[in-house]
Amino acid sequence: MKQTLITLSITLLALMGVIGLGSAESPGTRSADTPALTVTEREVDSVWVLHPPVIDGDLNDWNNFSKLYLTGASADYPEGSELYSLRDISGWASVIWTSQRVYVALAITDDYVVSGSRDWRGDDLAGLVFDVDNSGSFTAGDIDLIFSPGGILTANDGWPAGYEWVINQTANGWQAEVSIPLSAFGSVDFLGGHQVGFTWGVQDNDGIGVENWLSWAGPEFLKATPAEGLLSFINGPVRKWVAFHPGVDGYDGVIDSALSGWHPDQNYGADSELTLYARNQYHVALKFDIPDLGPDVRVLDGKLHINFYATNKPDHPDWTSYVRVYRLLRPWDEATVTWNRADASTRWTKGGADGIGSDRESRVIASKNLDQLGWFTFDLADGVATDMYEHPENNHGVILRAEEGASMAWNMYSSEKGPDDAPWIEVYAEFPPGQGD
Ligand SMILES: [Ca+2]
Ligand SMILES: [Ca+2]
Ligand SMILES: [Ca+2]
Ligand SMILES: [Ca+2]
C-alpha cells in the first residue's frame, strides 16, 4: 500500500513539475508480506560543483540541483503520514559539494511557523543526519544538524564551528541554507566517491505543541539509524600531477641564470650549466611559467626539480650546503640579468636580488640540504604554485640561495641543457569531471 502511495506521490509531484533534475529518490521494493518497518533503500547522490550557491537565504541558486522531496505521502516514517497535506508540512532538501565544503538547502512548507520558544526543540524544526561512517548509529565523527526557523543551527548539539548558514521564514514556511567545511567530515576521501548514511526530516508545531513529523528514511531524523538512507558524494574532480619539461611537448617556460658576486656584471643566462655557491657568492634565478591547463582547472601545489651534477669539492663528498628558495618580486631578463641588475635598465635594490620586499620575499618557499649529486625536488610551500598559476603577472620566478653549509660550489644544469637534464616543474592540479583525462 505504501509503495503505491509513494509512487502516486512521485507521479503527483512530477505532474506538478517539482521533481528536481536527476532526483535519486528510490523507495525500496516492498511486497505485501513484507513488514512495514523494514529497512528501506533510499539513496541520493550529492554532486560536486565548481560554483556553489551563495549562503544568503535566497534559494534561487539551487534551482539546477536535484532535490529530495519530503511529503506526508513520500515520507518513510511515521506510518499514516500520507494524511498530512503538502501545505501543512512538506519540503525538500538538497546536498551538493565542492572541493572545500558541503552545501545543504532546506525548504519547508508549513502553514504555521512556530519558533523562538524557550524550549525551541519543541517548535518547528528540521533535522539532517550524516552518518559519516555509515554505521547506523551515532558515533564520533558523525554529523547531526538541527535547524530551527528561529535561526538556530546546531551540529551534534553544539555550535557549528566553521559552518556558514542563513535560516529565514518565507511566505509559506521557512528555509535554510548552510555550508559545512569538509573538515567536519574528518578524513573522508570525497574524491573517492564516499558514501555516508543519510536522512532528514521535519517536525511540525502549529501552535499547540508538536503535532507531526516526517522522516525521509528511517524511523528517526535526528540521529543515525540502521534504516537510514544512503548519500553518495559523486562526480568529483580529478586531481593529478602534471609535469613540464623544457623542450618537451612544446613547453618553453623556464628561464634561468646565475648571479655572481664575484662577477657582478656578468650574465649567465645562456649557459647550460649554472653555479650555486655557498655563503651567498653565486645565486641562481629561475622562473617557470605554468601553462594554462584548461577552463576551471585549479592548481593546488607544485614542485621544482633540479639536477646538481657536480661540486668543486669532489674530494669532500660529505660536505653539504643548505639551499633556501625565495620568490622574486620584480621582472628580470634572462639575457641581461646580473648580480647588479634585473635587466639592462633596472638595478636590483640590493646586489644579488637581495632587496627584501622589492627584489625578493623574505619567506622561504622551499628548501633542501644538498648532500649528494643528482636530482633534488623542491616542494613549494602551500599556495605558491596556486598563486603563480592564478596570477601569472606576479610570477617573477624564484631565487636559490645556498645560505648555510660548507664553502663550496654546486653545479646544476640549466634550461638550456636539454629535456633530460634541465630543471622541470610539476603541478598538482584539480580538473573538473570530464577534463584532464
Ligand atoms: Ca543562496
Ligand atoms: Ca503545519
Ligand atoms: Ca508549524
Ligand atoms: Ca638560462
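Of note:
- Here ASP131, ASP157 are screened, and the one residue that is charged (D, E, K, R), on the phi < 0 side of the Ramachandran plot and away from ligand 1 (no atom under 16 Å from the Cβ) is ASP131.
- Selection from the range 387-435 of residues that are touching a helix residue (DSSP H, G or I) at 6+ places or on another chain (Cβ under 8 Å) and of a type outside the set (D, E, K, R): MET388, ASN394, ASN395, ALA422, PRO423, VAL427, TYR428
- Of the residues contained in the range 337-349, none is found to be surrounded by fewer than 15 Cβ atoms within 10 Å (Cβ to Cβ) and in contact (Cβ under 8 Å) with a residue 24 or more places away in the chain.
- Residues in the range 72-108 that are within 16 Å of ligand 1 (Cβ to nearest atom), in contact with a Ser or Thr (Cβ under 8 Å, 6 or more places away or on another chain) and free of Cβ contacts under 8 Å to residues at least 60 places away in the same chain: ILE96 alone.
- Residue within the range 334-341 that is more than 16 Å from GLY261 (Cβ to Cβ) and either of a type in the set (D, E, K, R) or outside the structural domain of SER260 (by TED's automatic domain parsing) (or both) present: yes
- The single residue among GLU361, GLU416, GLU393 that is under 22 Å from ASP249 (Cα atoms) and either at pLDDT 95 or above or not aromatic (Phe, Trp, Tyr) (or both) turns out to be GLU416.
- Pairs meeting the criteria (first residue in the range 400-423 and closer than 16 Å to TRP319 by Cα and assigned to a loop (DSSP other than H, G, I, E, B), second residue modelled with pLDDT of 95 or more and among the polar types (S, T, N, Q), beta carbons under 8 Å, at least 6 apart or on different chains) are ALA406/THR320; ALA406/SER321; MET408/THR311; MET408/ASN312; MET408/SER321.
- Qualifying positions in the range 199-226 - surrounded by fewer than 21 Cβ atoms within 10 Å (Cβ to Cβ) and not in a strand (DSSP E or B): ASP206, GLY207, ILE208, GLY209, PRO219, GLU220, LYS223, PRO226
Rundown of residues vs (1) within 16 Å of ligand 2 (Cβ to nearest atom); (2) over 20 Å from VAL323 (Cα atoms); (3) not assigned by TED's automatic domain parsing to the domain that holds LEU86; (4) not basic (Lys, Arg), yes/no style:
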{"residue": "TRP213", "(1), (2), (3), (4)": "yes, yes, no, yes"}
{"residue": "GLY247", "(1), (2), (3), (4)": "no, yes, yes, yes"}
{"residue": "GLY269", "(1), (2), (3), (4)": "no, yes, yes, yes"}
{"residue": "LEU274", "(1), (2), (3), (4)": "no, no, yes, yes"}
{"residue": "ALA278", "(1), (2), (3), (4)": "no, no, yes, yes"}
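- Qualifying residue in the range 72-80 (condition: more than 14 Å from ligand 3 (Cβ to nearest atom), of a type in the set (S, T, N, Q) and in contact with an Asp or Glu (Cβ under 8 Å, 6 or more places away or on another chain)): yes
The values are calculated or read from the model by the stated rules, or taken from the named source; none is laboratory data. The structure presented is a predicted model; accordingly, all values stated were derived computationally and were not measured. FYI the Cβ positions are ideal-geometry reconstructions off the backbone, even for glycines, and counts take in every protein chain you see.
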